[in-house]
Each structure stands twice: as structure tokens, then as C-alpha cells.
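One structure coming up, written as C-alpha cells, with questions to follow.
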Amino acid sequence: MIVYLALRNLVRHKKRSLIIVLLFFVIITLFFIGNSTLMQMNQGMRKTFVENFTGDLVLKSTSPVDFGLFGANTPFVGEYFAIPVIQNYDSLLAELEGLDQVEATVSQVSGAALMDIHNKRYKVPLFGIEGDEYFRFFSNLKLLEGDLFTTGEEGILMTEYRANQIERETGLRPVPGDPILLTMFGNKGFKIREVPLKGIFSYTNSNSSMDQIMLVDVQTLRALNSITLASKKDSGAVDDLFSGSVDDLFGESDVESGESDGISAESVMDLLSQDVVAPEGDLVGGGWNFILIDLKERVNPRSVLEKLNSFFDENDINAEVISWRKAAGLSAMMVYLLQILYNGGFLLVLIAGIIAIVNLLVISVFERTGEIGTLRAIGASKGYIGGLFYLENIILSLIASLLALALSFLLIRVINRAGLTINNSLIVSLLGMSTVRVTFLPLMAFISMITSVLLGFLSTLFPVSLAMKIEPVTAVARG
Amino acid sequence: MEIIKLTDIKKSYPMGNVIVNALNGVNLSLDKGDFVAVAGPSGAGKTTIMNMIGLVDQPTSGEVFIEDKPVSHLSDKERTVLRHHYLGFIFQSFNLLPILNVYENIEIPLLIGKKYPAKKERIEWIDFLLDEVGLSPWKKHKPSELSGGQRQRVAIARALVTKPEIVIADEPTANLDSKTGEKILNLMKTINKEQKTTFIFSTHDETIKNMADHVIYLHDGFVVSEEKS
Ligand SMILES: Nc1ncnc2c1ncn2[C@@H]1O[C@H](COP(=O)(O)OP(=O)(O)OP(=O)(O)O)[C@@H](O)[C@H]1O
Ligand SMILES: [Mg+2]
């Protein structure tokens, strides 16, 4: 009966009911569409990042500085921060590859350098890798021109995007074989290396921060980073990895920092010729910043991450595993920023909407004072009056949320039918796809329904408190 | 048998910085099954005293007894239960719910409690009451489609639907012409005799008060005289 009474009340005040439904409808539609899109973006971005350059998880050395594949995640610290190498690399790698959940691993050194090409200078993030292994790990990467550098061979790869950029800015298209000069400023001054451009590649659904990445052979990057490698005779002594000599094994040219301003690419060319590359046989393991981990399907990355980290913790091993998101660092913040921005805007709409609804309900309580008093006089409890108002408003919010979900469902079908293609690379990388295919997320629909009931309840709290204060005696006074 | 007793009931309303004394110490005793009229000029305190008996308002001092039980300082919950099961109300301006039809308006007191009679039982009883107040053909009509007298009949049926011991009616005929008012009072009197329900109504109409077994005259918040027949 209370439901019947609630429904009759709603029908009687059609106009007010419609306005309240409309307000709830706007709120729930925004909530559902916005959060569905953000959830999808999050998943899309995850796919883009995991399959192009982060892997599911990343193992790195522990450090007081929060860092990822692009270096320190804190701005300003970045410039002066040297990413630590993984200690006990060999045993950790063996440990990881022995895990059932792990499909594959690949290792990486990271750094940032100035790149000179065709008399233009670019600041570039460098990933030091072993070409063939890295490309086997990331099957999403496509080599468009040239070749990969094989293990032990020097060389660098750039993205098609970067090649286009250089062509646009210098008029000369970089081609395999072009010499590229890399300059890095470290604690001990400049290090400069010249490497040949080996090839041009592309990512799938890339974004602008990924397109900056240059893939360089690992020996070159180690040299630029001043990473010394343990030689065969003391390979067991992990503690020695960073010890003593600042002159690295490669003995390449250092340029003192005092001359930093006047340096030009040509003036140090002759110094480069003095480089002595250590014979490969002397190098064993180590000298890596990161191990990227690809997990088998259906393995929960979170649980592997937690297990490994607590294992490292308990055994005092200086290593930690981070998620793809942390590994990508600031470049993965985009969706978070969007989420914050969106939810900020949503919050404003929500507050305005709720205030309007509360207002309408308060007016309704005042209009119905006599009626409420009569019900109280003939024996309705305060709880009954409260229940009636809650019920009325929750019915409205449920109707609104069903309408909102139905409309969203139709909208999604229309969008998918239309098969829109996106040209904006940022959106492509956020969604992880270039043709818009939106999915109706049942979980989000469920959350939206719950939210609408909650909003219906919350917006009735204050009006109900007024309604419950109405004394039965008002029935006599007001009629 | 005494059903209601009022002992030294006072009620004052603060109006700005003056205090209006609506009742100045009323002592009353009403018998079960009586047809009681509370009479007096405007402002005498009739409505105030009906509100005390009907448990919709509380006295400033004094006590109301229903069947020897003090009730005026019970909690809101307990008074609500008493109003629901023990008392019936007829209002001056009818107070029907405009969203419900005649049948539903009569039915509602049965449905606002924690448990209620089965549907079949309800239908039988409400049909009987509809017949009693002569509104059977109007069962499905909305209050807005009825005349004042018809509306007050609906209100009478509603007041009786929970089979209360006492029905309280504050000026039930004030919004009706005198002929209709008389008919309504006759109906109430018939039910009073048939169902043994105690009726207490207030009025300032001389002819109507004469139908009562027991008339209480109020003036300025005092009982000035009583008449029993
Ligand atoms: N809520 C209130 N606030 C202030 N004063 C009140 C209130 N209710 C009643 N009074 C005062 O109490 C006195 C008695 O009022 P009451 O309504 O009981 O009289 P009444 O006999 O019912 O009059 P009427 O025939 O006009 O209905 C009056 O002086 C009135 O002004
Ligand atoms: Mg009155």
C-alpha cells in the first residue's frame, strides 16, 4: 500500500516528479557515460602501455627516489638522478624465469640524452636493449625500415613519428646508416657516443610520449650512463658492481663540465675515436636497470607483484616489482588527470542537481503538511511518513537511472554501428584502439543503479527530517 | 463506565511575550458509549480540548486518562499506536487524501500499521461502512467529485474503519449547511447507538448540541456547566 500511495503521490505531482527524474537522469547519465569511458580508457591505456613498452610488471632496484622506465617520477630530480642497476641480476632473473606465472622477460637500461642529427638537437629518452630479444618480447613493435642491431652490435632505432618530425624540421629524412651523436651529462661531465641509425620502427596505438623513445644498443647506453660491469673474475661479488673506479670499463671520452656551454658535436668527434669497446667475453650478466615481465594469461599481476615484493622484503633483497602504470611514470597519469578533471566537473553538476532536488522535495513537504498531519493523526508513525518520502524519491531516481542506462545503451549501439575512426593519437592511445568500439559495462551499470538509489536516499534525508517534525495537530489546523 | 477522564488540564500557548491560556484547569469525566457535545463560543477552547482527548497535542499540565490509564505524557510512538487503534478522527475540513478514491480513503487507516487485516475482510467491512454512510455508489469517486456532506460521510467511515472505542470530531458540521449538518449528526448518532462507539464532538451550533446525551459548556478555558440526559 505504501508503494501504491507513493506512486499515486508521484502521479499527482506530475510536473515535480518529471523535473526530479530529469535531474537524476542527467546526473546518472553523466556518471555512467563518464565512468564507462574512463574505465575503458584505463583498460585501453593499459593495453597500449603493456604491449608496447612496459610489460605487465617491472622489476627494479629499490631507491628512495620513485622512478620508472623514464627515470625519476618527480620532476626536477630527474635531471640529476642516476637509475640504479639491479643487484644480483643473474639470480633474480633466474628466479623470475622459474616462476610458473611468468611467460617471458626482457631487460633494459634507461637514460636520457641529447641527440644530434642533421644539425638539429633533440632531448630523447633512451631505452638500452638487445634488439632481437626486445622485439621478440614486444610483438606490437613493427620495424618499418632498416634492421635490428644484433647482440653486441652498436646502433639505434627511432620511431616513424620522430623520423617524420626530423624530416619536417631539417628537410632531410633520416635513413638507416645516418650517424647519430648522443651526448649525456652525468656526474663526471659529458659522455658522447656516435652510433649509426639502424632502423625506423613504430608502436601500435602509440602516443606522443611513447613516440619520443629511442631504442639503443645496451652497451652504448651503459657507456653513456657510466654503468660498469663486473668482469668474469669477480662476477660473484655483487657488492663490487658499483665500487671504486669511476672510469668505466669502456674508457670513453669524458668532457669536463666546465666546457659544457661551448661544446659542439664536431669538436669532440676525434675524442670518440679513442673509444675502446671491451671484449664481449669479459662481460657477464648485470648492468641492467629493469627486468620487464610478461605474465601468462589470466594471471593476476597484482598478486604476483605482492608476492614477489613480500618475498624480497623478507629476504632483504634490494629489488622491487612495480606495476606497468608506475613503470610508465608520468606518461600514464593522463587518465588519472582526466578522471580528476571529469569527476571535478561531475561533482559540480551533482551538487547543483542535488540542491535542486532537495529544494523541490522541501517544497513538496510544505505543500503536503496537512496531508502528513492527517496521516499522523489517524495513526501513521513517523517512520511511515519517512518511508513514504524515501520510497517516492527512490522510485524517481530508479526510473531515472533505468532511462539513463537505456539511453546510454542505445547511444553505444549507434556509436559502434557508425564505426568512427579516431585521428587524434592521444585519444587512440588512451582508448587503445583506433576505431571506436564502446562496450556497455554491466558492472558500471550496476554501480550506477546503486549510486542512483543512494542519491535518491541522500537527497531525501533533509526533506524527510522536516516531514517527520510535522505534528499530528497540524491536521486540525490546516486540514 | 468512565472511559475518559481529564484532571486539571491546562494549556497555554506562548504568543510573542504574552502567554495565551487556552485551557485553565479542566476536569471532565466521559462515559463509555455516550454521545458527547463540547459547546462554547469561538475561542472558548473547544479545539484545544478535543486535541487533548485525541492525543494529537499535549497539555501544559494535568493528565488525560483513557480507561484509567494516564496517556498524555506517553512517547510519540505510544500515542501514535493509541490514535491508530483506539481513536477515530473526524475533522472540520474533512482531511481526505485527494489522491485516493472514496474506498481507498476509508481503507487507509487499516494499511498504515505494521499488520493489517486480509483483503477479503477489508472489502467486506468497508462495503458495510460505505452502505452505512450511504456512499456505496460513490466508492470509486475522488473526494473532489463529492459534496461537502458526502466528504464528511467518507471521513466518518474512515474514522470507524479501525473499530475505535472513541471517535473525536472537532466541529464536524462547521463547513456544512445546517440541513446537511443535521443529517451528519444523525448518522453519527445512529452509529453511536449501533456500534456502542463513544462520540465526542464540538460545536457552537445550538440545535446540534441538543442531540447529545452529555453537553459540556466551555468558556474562556473553563467548564462553566454540564448537562446530562
Ligand atoms: N496554536 C495556537 N497558538 C496560540 N494560540 C492558540 C493556538 N491555538 C489556540 N490558541 C488560542 O487558544 C484559545 C482557544 O482556542 P481554541 O481553538 O481551542 O478555541 P475554539 O473554541 O476551538 O474556537 P473556534 O470556535 O474559533 O474554533 C484561543 O484564544 C486561541 O486564540
Ligand atoms: Mg475550534
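The values are calculated or read from the model by the stated rules, or taken from the named source; none is laboratory data. Given the structure is predicted, the values throughout are model-derived calculations rather than measurements. Quick reminder, even Gly has a Cβ in these numbers, built from the backbone with ideal geometry, and neighbours come from all protein chains shown.
Has segment B:111-128 got any residue that is more than 16 Å from ligand 2 (Cβ to nearest atom), in a loop (DSSP other than H, G, I, E, B) and of a type in the set (A, V, I, L, M, F, W, C)?
Yes, the conditions are met somewhere in segment B:111-128.
Same structure again: Name the residues in segment B:194-205 that are more than 16 Å from ligand 2 (Cβ to nearest atom) and either within 14 Å of chain A (Cβ to nearest Cβ) or within 23 Å of residue B:217 (Cα to Cα) (or both), would you?
Residues of segment B:194-205 more than 16 Å from ligand 2 (Cβ to nearest atom): B:194-199.
Passing the criteria: B:197, B:198, B:199.
Can you tell me how many residues within segment A:171-211 are modelled with pLDDT under 90 and either part of a loop (DSSP other than H, G, I, E, B) or of a type in the set (Lys, Arg) (or both)?
7
Can you find even one residue in segment B:177-191 that is within 16 Å of ligand 1 (Cβ to nearest atom), more than 27 Å from residue B:2 (Cβ to Cβ), out of contact with any Leu (no Cβ under 9 Å at 6 or more places or on another chain) and of a type outside the set (Gly, Ala, Ser)?
Taking every residue of segment B:177-191 in turn, none turns out to be within 16 Å of ligand 1 (Cβ to nearest atom), more than 27 Å from residue B:2 (Cβ to Cβ), out of contact with any Leu (no Cβ under 9 Å at 6 or more places or on another chain) and of a type outside the set (Gly, Ala, Ser).
Then there's this: When residues of segment A:119-165 are filtered for being under 30 Å from residue A:97 (Cβ atoms), among the aliphatic types (A, V, I, L, M) and either not assigned by TED's automatic domain parsing to the domain that holds residue A:227 or not in a strand (DSSP E or B) (or both), how many remain?
Total meeting the criteria: 2.
When both residues are 6+ apart or on different chains and their Cβ atoms are under 6 Å apart, which pairs have a first residue that lies in segment A:290-306 and is closer than 23 Å to residue A:134 by Cα, and a second that is among the basic types (Lys, Arg)?
These pairs meet every condition: A:290/A:60.
Restricting to segment B:61-81, count the residues that are buried (at least 18 other Cβ atoms within 10 Å of the Cβ) and within 12 Å of another protein chain (Cβ to nearest Cβ).
Within segment B:61-81, residues that are buried (at least 18 other Cβ atoms within 10 Å of the Cβ) and within 12 Å of another protein chain (Cβ to nearest Cβ) number 2.
Considering only residues that are among the charged types (D, E, K, R) and part of a strand (DSSP E or B), look in segment B:206-229 and name the one that is farthest from ligand 2 (Cβ to nearest atom).
Across segment B:206-229, the extreme among qualifying residues is B:228.
Just checking, does segment B:8-21 include any residue being more than 16 Å from ligand 1 (Cβ to nearest atom) and more than 17 Å from residue B:169 (Cβ to Cβ)?
Checked segment B:8-21: at least one residue is more than 16 Å from ligand 1 (Cβ to nearest atom) and more than 17 Å from residue B:169 (Cβ to Cβ).
Has segment B:33-49 got at least one residue that is out of contact with any Pro (no Cβ under 8 Å at 6 or more places or on another chain), away from ligand 2 (no atom under 14 Å from the Cβ) and either in a loop (DSSP other than H, G, I, E, B) or without any contact (Cβ under 8 Å) to a residue 24 or more places away in the chain (or both)? Full working, then the answer.
The first filter runs over segment B:33-49 and keeps only residues out of contact with any Pro (no Cβ under 8 Å at 6 or more places or on another chain), leaving B:33-49.
Of the ones still in play, those that are also away from ligand 2 (no atom under 14 Å from the Cβ) are B:33-36.
Subsequent filtering for residues that are either in a loop (DSSP other than H, G, I, E, B) or without any contact (Cβ under 8 Å) to a residue 24 or more places away in the chain (or both) retains B:33-34.
There is at least one residue in segment B:33-49 that is out of contact with any Pro (no Cβ under 8 Å at 6 or more places or on another chain), away from ligand 2 (no atom under 14 Å from the Cβ) and either in a loop (DSSP other than H, G, I, E, B) or without any contact (Cβ under 8 Å) to a residue 24 or more places away in the chain (or both).
Quick one: count up the residues across segment B:164-197 that are among the acidic types (Asp, Glu) and under 24 Å from residue B:125 (Cβ atoms).
Residues of segment B:164-197 that are among the acidic types (Asp, Glu), as a first pass: B:165, B:170-171, B:177, B:182, B:194.
Now drop any that are not under 24 Å from residue B:125 (Cβ atoms), which leaves B:165, B:194.
The number of residues fulfilling the criteria is 2.
Examine segment A:323-343 for a residue that is in contact (Cβ under 8 Å) with a residue 12 or more places away in the chain, in a strand (DSSP E or B) and in the same structural domain as residue A:66 (by TED's automatic domain parsing), and state whether such a residue exists.
Within segment A:323-343 (the criterion being in contact (Cβ under 8 Å) with a residue 12 or more places away in the chain, in a strand (DSSP E or B) and in the same structural domain as residue A:66 (by TED's automatic domain parsing)), the answer is no, since none of the residues qualifies.
Right, another one. Kindly indicate whether residue B:201 is under 19 Å from the mean Cα position of the chain (by Cα), within 16 Å of ligand 1 (Cβ to nearest atom) and in contact (Cβ under 8 Å) with a residue 40 or more places away in the chain.
Spelling it out, residue B:201 is indeed under 19 Å from the mean Cα position of the chain (by Cα), within 16 Å of ligand 1 (Cβ to nearest atom) and in contact (Cβ under 8 Å) with a residue 40 or more places away in the chain.
Answer yes or no as to whether residue B:166 is within 16 Å of ligand 2 (Cβ to nearest atom) and β-branched (Val, Ile, Thr).
No.
Tell me, which residue of segment B:34-60 that is of a type outside the set (Ser, Thr, Tyr) and surrounded by fewer than 16 Cβ atoms within 10 Å (Cβ to Cβ) is farthest from ligand 1 (Cβ to nearest atom)?
The residue in question is B:41.
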